[in-house]
Amino acid sequence: MQHLVDTNDFTEEQIANILKDAKTFKQQRPNQLLRNKLLITLFFENSTRTRSSFEVAAKRLGASVVYLDPSTSSTNKGESLEDTFDNLCAMEPDGVIIRHEYNNTPQKLADKELTCIINAGAGNHAHPTQALLDYFTMQEHFGDLKGKTIAIVGDIVSSRVASSGIRLFTRMGMNVVLVAPEPFMPDNDLPKYQHLEEVIDKVDVIMSLRAQLERHKAPIFEDYNEYAKEYCITKKRLGNRDIVLLHPGPVMRNIDISDEMLQDERCKVLAQVKNGVFVRMAILKALLLDS
Ligand code: CP
């Protein structure tokens, strides 16, 4: 049984096939490849894009989707996550798509080998489908990404998007540099900058990240308008450079990216969301049909 806890669960051949399938699905609507499959989505943290994108992707492939809302489930009566999961698996779904606050939850459930686990975001550790859709979006723009440089800007230490992205992009031959104030900077070997201006002329892609206030134990900045003066991606900051701008969403307007820049054709935020459906369709095919 194959799971998707992080992108390293896929071989490079599988990743290439997923990117190829996603491109095909974008060009033409596929048949009901998963018409006999049943998926359960279980989101213990809020989501707009990932949850609806998985549901749209599954339904476009003919699969049925059941959503269990944790806030009205028996976890509120004290049932453990493991027991909830075991009970859902007794209904024999073909996969469970889970988002959870703890880094190790998807792996813990995958280790039970009861059903295919698909990680829809865990703690600050992994968000593999976001990394793959970001890669697809960059590849759609540039073609070959080997040697291209992406600057990840913002609250990197809190970000599972950054964690999965760094692992995938470096594995695929991209250069990754980090731009953040000290409290938002993770501890790793990647090149680090406090100011975007120090590196902007060397980058092909900027990935802006939201300050994840809900993950901070205490407020890190008193005034995010002050933070924005240094880290908000504005037209003035980018000039006329040929740089692709990504953001996983939700965007804090005029803190992460300016209103004006969100309208700029270099900004791929909605293209990422659109591509997310095709990439997740390809991922569901890879996990439920091809494995
Ligand atoms: N990119 C992302 O994970 O967005 P949601 O939190 O809305 O799913």
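Just so you know, the averaged projected area of the alpha carbon convex hull for segment 133-291 sits at 10.0 nm².
Taking the longest Cα principal axis of the chain as reference, the axis of helix 269-285 is set at about 30 degrees. Just checking the listed ones, Leu19, Leu262, Leu213: in the Gaussian network model of the chain with Cα springs under 10 Å, the one fluctuating most is Leu213. Debye-formula intensities of segment 243-291, expressed as log10 I(q)/I(0) at q = 0.19, 0.25, 0.31 Å⁻¹, are -0.65, -0.87, -1.13 (one equal scatterer per alpha-carbon, no solvent). Averaging 1/r across all pairs of distinct Cα atoms in the chain and inverting the result yields a Kirkwood radius of 19.6 Å. In summary, the aspartates and glutamates within cross-link reach of Lys146, defined as a Cα separation below 15 angstrom excluding same-chain residues under 8 places away, comprise Glu12, Asp134, Asp204. With the largest listed first and rounded to whole Å, the semi-axes of the equivalent ellipsoid of segment 41-112 from the Cα gyration tensor are 20, 14, 13. Dipole orientation for segment 128-268: of the candidates Leu190, Met261, Gln212, Leu190 has the Cα lying most toward the positive pole (charges on Cβ; Lys, Arg +1; Asp, Glu -1).
Computed with a 1.4 Å probe over protein heavy atoms only, the accessible surface of segment 128-268 comes to 45 Å² per residue. Taking amide hydrogens as placed 1.01 Å from N in the peptide plane, the amide H of Cys267 sits under 5 Å from those of Leu245, each at least 5 positions away in sequence or on another chain.
In the chain, the longest principal axis of the Cα atoms and the axis of helix 49-60 are about 50 degrees apart.
Between the alpha-carbon centres of segment 210-229 and segment 117-158 there is a gap of 22 Å.
Volume per residue for segment 3-133 equals 107 cubic angstrom (convex hull of Cα atoms). Subtracting the Cα-Cα distance of Ser73 and Met91 from their residue separation scaled by 0.36 nm leaves 4.9 nm. Here the accessible area is traced with a 1.4 Å probe on the protein chains. For the chain, carbon and sulfur cover 46 percent of it. Dipole magnitude for the chain: about 960 debye, using +1 per Lys or Arg Cβ and -1 per Asp or Glu Cβ, origin at the Cα centre.
Take segment 37-105 with all the other protein chains still there, run a 1.4 Å probe, and you get 48 Å² of accessible area per residue. Once the Cα atoms are used to define both axes, helix 12-27 deviates from the longest principal axis of the chain by about 90 degrees. In sequence order, segment 235-248 has phi-based couplings of 5, 4, 5, 7, x, 9, 5, 8, 10, 8, 10, 10, 7, x Hz under the Karplus curve 6.51 cos²θ - 1.76 cosθ + 1.60, θ = phi - 60°, and Gly or Pro positions carry x. Note on the chain: dipole from Cβ charges, positive end direction compared against Ala58, Ile200, Leu68; the farthest Cα belongs to Ala58. What is the Cα centroid distance between segment 230-284 and segment 70-94, reported in whole angstrom? Segment 230-284 and segment 70-94 have Cα centres separated by 36 Å.
Just from its helices, what would the mean residue ellipticity at 222 nm be for the chain, if runs of 4 or more DSSP H residues each count -39500 (n - 2.57) and the sum is divided by every residue, rounded to the nearest 500 deg cm²/dmol?
Here the helix-only value at 222 nm equals -10500 deg cm²/dmol.
Rolling a 1.4 Å probe across all protein chains gives Asp155 an accessible area of roughly 0 Å².
If you take the beta carbon distance between Lys146 and Asp201 as r and set R0 to 25 Å, what does 1/(1 + (r/R0)^6) give as a FRET efficiency, to the nearest 0.05?
About 0.80, to the nearest 0.05.
The values are calculated or read from the model by the stated rules, or taken from the named source; none is laboratory data. Since this is a predicted model, take the numbers as computed values, not measurements. Reconstructed Cβ throughout: ideal geometry from the backbone, glycine too, with neighbour counts over all protein chains shown. Note: areas computed on protein heavy atoms with side chains; ligands, DNA, RNA excluded. Shrake-Rupley method; radii C 1.70, N 1.55, O 1.52, S 1.80 Å.
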